[in-house]
1. If I go through segment 435-453 residue by residue, how many of them are among the β-branched types (Val, Ile, Thr) and either more than 26 Å from residue 99 (Cα to Cα) or assigned to a loop (DSSP other than H, G, I, E, B) (or both)?
2. At least 1 residues that are within 17 Å of residue 474 (Cβ to Cβ) and not polar (S, T, N, Q) in each: list the helices (runs of 4 or more DSSP H) lying fully within segment 286-380 that qualify.
3. So, in segment 59-75, of the ones that are under 15 Å from residue 7 (Cα atoms) and of a type outside the set (A, V, I, L, M), which residue ends up surrounded by the most Cβ atoms within 10 Å (Cβ to Cβ)?
4. Go through segment 408-424 and count every residue that is under 25 Å from the mean Cα position of the chain (by Cα) and either crowded, with 17+ Cβ neighbours inside 10 Å or farther than 29 Å from residue 273 by Cβ (or both).
5. Residues 354, 363: which one is surrounded by 24 or more Cβ atoms within 10 Å (Cβ to Cβ) and out of contact with any Phe, Trp or Tyr (no Cβ under 6 Å at 6 or more places or on another chain)?
6. Going through 275, 253 one at a time, which residue ends up being within 21 Å of residue 394 (Cβ to Cβ) and either at pLDDT below 95 or within 12 Å of the chain's Cα centre (by Cα) (or both)?
7. Only residues in segment 94-109 that are buried (at least 19 other Cβ atoms within 10 Å of the Cβ) count as the first member; pair them with residues that are assigned to a loop (DSSP other than H, G, I, E, B), Cβ under 6 angstrom, at least 6 apart or cross-chain, and list the lot.
8. Of the residues 449, 444, only one is of a type in the set (A, V, I, L, M) and surrounded by fewer than 18 Cβ atoms within 10 Å (Cβ to Cβ); which?
Amino acid sequence: MLAYALGSIAFPLVGSAVVLLARERHAKAIGHLFSFLAFLSGLALLAKVALHGESGAQDLLAVGNWTVFGVTIDGLSVLVNFMVVLIGWLICLYSAGYMTVHNQEHPISEGMRRYYAFLLLFIASMSGLVFSSTLIAQLFFFEVTGLCSWALIGFYGDPDSRRSALWAIILTHAASLGLYVATAFVFLQTGSFDVEALAQLPAHSKVVVFLGIMLACWGKSAQLPFHPWLPRAMVAPTPVSAYLHAASMVKVGVYIFARSVLAAGGVPPVVARVGIVMAVATMLYGFLMYFPQRDMKRLLAYSTIAQLSYIFMAISLAAYGSQTAFLGGVTHIFNHAFAKALFFLVAGTLAYTSGTRQLPAFSGILHKMPLVGVGYVAAAMAITGVPPFNGFFSKFLIIWSGLEMGLDDVLVLVLVVLALIESVGSFIWILRWTTVNVLGAPSATVSQAIAPTASMQFVLALLIVMTLSSQYLAFALMQR
């Protein structure tokens, strides 16, 4: 198991270095190869844990008596790592068709070595963070993901891209100070950097540590008040948006929060209360920001902010002691990644084929591009939680657990009812745009669109399948 876990980290890390040494024309092939090898490693590990229920932890690097890096293999880390490497490979494959001179929105003829080097490094750093058994290693990989996001958001190099990249790195790194404080505090209190050392802290110390962790997590996952970087980051190439801002970077925060709650062996109620209040506040803000959006990617950015709030709400409910909420939250990390990656790549395909992302310009997508139309509907239904798509199952667990806990806590009940109202409102608004864009006769913009490439269509088709099936894989693994 250790070899498979390290393979998920090492293959993309080596690939990143190889890309920088290779010729520009070989960058895509190298990116595909090493991302695919990482995916195979993650798949092999997933299969081993799913079939045999094996788990474990191993220290790998120590300085004196202090472990600074080790690997934790359990249902949570294996599931999230599989998401990271599978979608990473799919993004590399999609990029082969998208990042070309034929792109109607942004013709691209150079920069492929830089693009794939940072994308592969991002996959490696995400896998490293997911498997890390120490806070200091989490902090290291946390910062590497920030570096990669800065480079990829600013890929085009124009002033708007550079400003947006700067916003992302400043806000996420300012928030990361909370993780620095939490790591130092745990070490001073316990003499250890291990995540499991959280369980040794007294209640008042856990409050300090968890507030620091939540601050860092809010920044990385674009929650209030650190959210402005995410909508601005939509200037990045759409495959970057799909990976960093749906499946990877924004999942860093919710993953660290979930891992910390799992390890702490009990969380003070004030932490859970702060978590759920901030989650619902961010969720409602994200929903209200739907209405003025006409750029499809910006609408999806605010949808991501709101959906991540559901996960923060679930993990906060788990901090109260709800195992159902924890299962729902972790499953929603997994499900949302595939649904939102599909939605972003549908947006990217529309921009590639037509040259625009403006929602009012689209109608009749299903008639002109059937696969893209089906992908649009599948992503919209999955994101808004309509059965039989994956988002329904994880959202149901989150809401159900919240209502259960609300029977004994009026504040929790009120907040969960607000979340339900947001869910219904989100469904109505996204259904409105889905109906306008997908059905009817093709608009002039859609009629003149070029055909998407084979690699783009393959990725869309596979993600459509995942929106109908990922929940079963998540439930099976998390029950081990």
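1. If we filter segment 435-453 for residues that are among the β-branched types (Val, Ile, Thr), which is where we start, we get 435-436, 438, 445-446, 450, 453.
Retained after the next criterion (residues that are either more than 26 Å from residue 99 (Cα to Cα) or assigned to a loop (DSSP other than H, G, I, E, B) (or both)): 435-436, 450, 453.
Number of matching residues: 4.
2. 296-320, 323-354
3. Our first condition is that a residue be under 15 Å from residue 7 (Cα atoms); within segment 59-75, this holds for 60, 70-73.
Still in the running and of a type outside the set (A, V, I, L, M): 70, 72.
Numbers: 70: 20, 72: 23.
Taking the candidates together, the pick is 72.
4. Summing the residues that are under 25 Å from the mean Cα position of the chain (by Cα) and either crowded, with 17+ Cβ neighbours inside 10 Å or farther than 29 Å from residue 273 by Cβ (or both) in segment 408-424 gives 5.
5. Selected residue: 354, the only one of 354, 363 that is surrounded by 24 or more Cβ atoms within 10 Å (Cβ to Cβ) and out of contact with any Phe, Trp or Tyr (no Cβ under 6 Å at 6 or more places or on another chain).
6. Numbers: 275 fails: either at pLDDT below 95 or within 12 Å of the chain's Cα centre (by Cα) (or both).
Of the residues listed, the single one that is within 21 Å of residue 394 (Cβ to Cβ) and either at pLDDT below 95 or within 12 Å of the chain's Cα centre (by Cα) (or both) is 253.
7. Going by the 6 Å Cβ cut-off, the qualifying pairs are 97/453; 99/108.
8. Details: 449 fails: surrounded by fewer than 18 Cβ atoms within 10 Å (Cβ to Cβ).
Answer to the selection: 444.
The values are calculated or read from the model by the stated rules, or taken from the named source; none is laboratory data. For clarity, every value in this text was computed on a predicted model and none was experimentally measured. Heads up, the Cβs are rebuilt from the backbone with ideal geometry, glycines too, and the neighbour counts pull from every protein chain shown.
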